[in-house]
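The values are calculated or read from the model by the stated rules, or taken from the named source; none is laboratory data. Predicted model only: the values in this text are computed from it and were never measured. Note: ideal-geometry Cβ built from the backbone for every residue, glycine included; neighbour counts use all protein chains shown. Side chains included, ligands, DNA and RNA excluded: accessible areas come from the protein's heavy atoms. Shrake-Rupley method; radii C 1.70, N 1.55, O 1.52, S 1.80 Å.
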Amino acid sequence: MNLSEIVRKLEVIAPPELAEDFDEGRIGLTLDLKNEVNRIAVALDPTEYTLSRAADIGADLLITHHTLLFHSINSISCKLATNLKIALDNNISLYAMHTNYDRAEGGVNDILAEKLGLKNIEKLDMGCIGEMDPVSKDVFINHVCRSLNTHVQYVGEKEMISKVMVFGGSGFKGPFLDIANSMEVDAYVSSELKHDVIRSFTDMLLVDATHYATENPAMQALATRLENDLGIDTEFIDHNPLIRTS
């Protein structure tokens, strides 16, 4: 299939106009080799591992949530050069779908809510809120760990959980926490929990389930969706940057 045909499909799944203003130039074809696509790879990040794996399986296109280049550059680091060389040497185009995929129907936050088994979903501008049968804090924490296959950090005084807000990626920020607070959720599942947030929001359970684990399920779902819809061999590449503890 021609690359442009696949791009049109991706833009139906996650329309570019849904993206945040800061994502201008950071979504879409970030490396366009104008190639025919016979095999697709999908991953959360365009790391050296995922690029090498994409090359190993003969992928012509790697689709990621995060882009290889996020900030403007004046020089190319050794790591960036290595990653670009893998893509160029193996004729792999790169496509990124970032905040537009966060907001899209069936995107990052919808899949996260689905993984946690939430019901009666209410979509927000970013993130969503849903319900579950009431459970204790400890049961809920274990449920998040099992559902997302991850360790978590958590804080908060709420002992019973039934109303939950989810936000894939880095969601423990003022505007989103204010929404969670105003909607009187019992638990908020996101990532990158910071000290000032811990001190300021104590009347809900804050669950840091890692950036990777809250966004990665949507990329796995995307891989399945593309293979079914396009009829092109598509492989999901899992590369979790596991944080070790001692």
- Query: Which residue out of Val108, Val7, Val37 is touching a residue at least 24 places away in the same chain (Cβ under 8 Å) and in the same structural domain as Lys123 (by the TED database)?
  - Reply: Val108
- Residues of the stretch 46-73 that turn out to be under 17 Å from Gly168 (Cβ atoms), buried (at least 21 other Cβ atoms within 10 Å of the Cβ) and not hydrophobic (A, V, I, L, M, F, W, C), as a count: 2
- Would you tally the residues in the stretch 164-200 being surrounded by 12 or more Cβ atoms within 10 Å (Cβ to Cβ) and over 27 Å from Met219 (Cβ atoms)? 4
- Residue identified as within 27 Å of Ser191 (Cα to Cα), in contact (Cβ under 8 Å) with a residue 12 or more places away in the chain, out of contact with any Asp or Glu (no Cβ under 8 Å at 6 or more places or on another chain) and open to solvent by 20 Å² or more (accessible area, probe 1.4 Å) among Glu20, Glu24: Glu20
- Can you name every residue in the stretch 61-102 that is under 22 Å from the mean Cα position of the chain (by Cα) and among the charged types (D, E, K, R)? Asp102
- Filtering the stretch 123-137 down to residues that are surrounded by 14 or more Cβ atoms within 10 Å (Cβ to Cβ) and more than 22 Å from Ala96 (Cβ to Cβ) yields Lys123, Leu124, Cys128, Ile129, Gly130, Glu131, Met132, Val135, Lys137
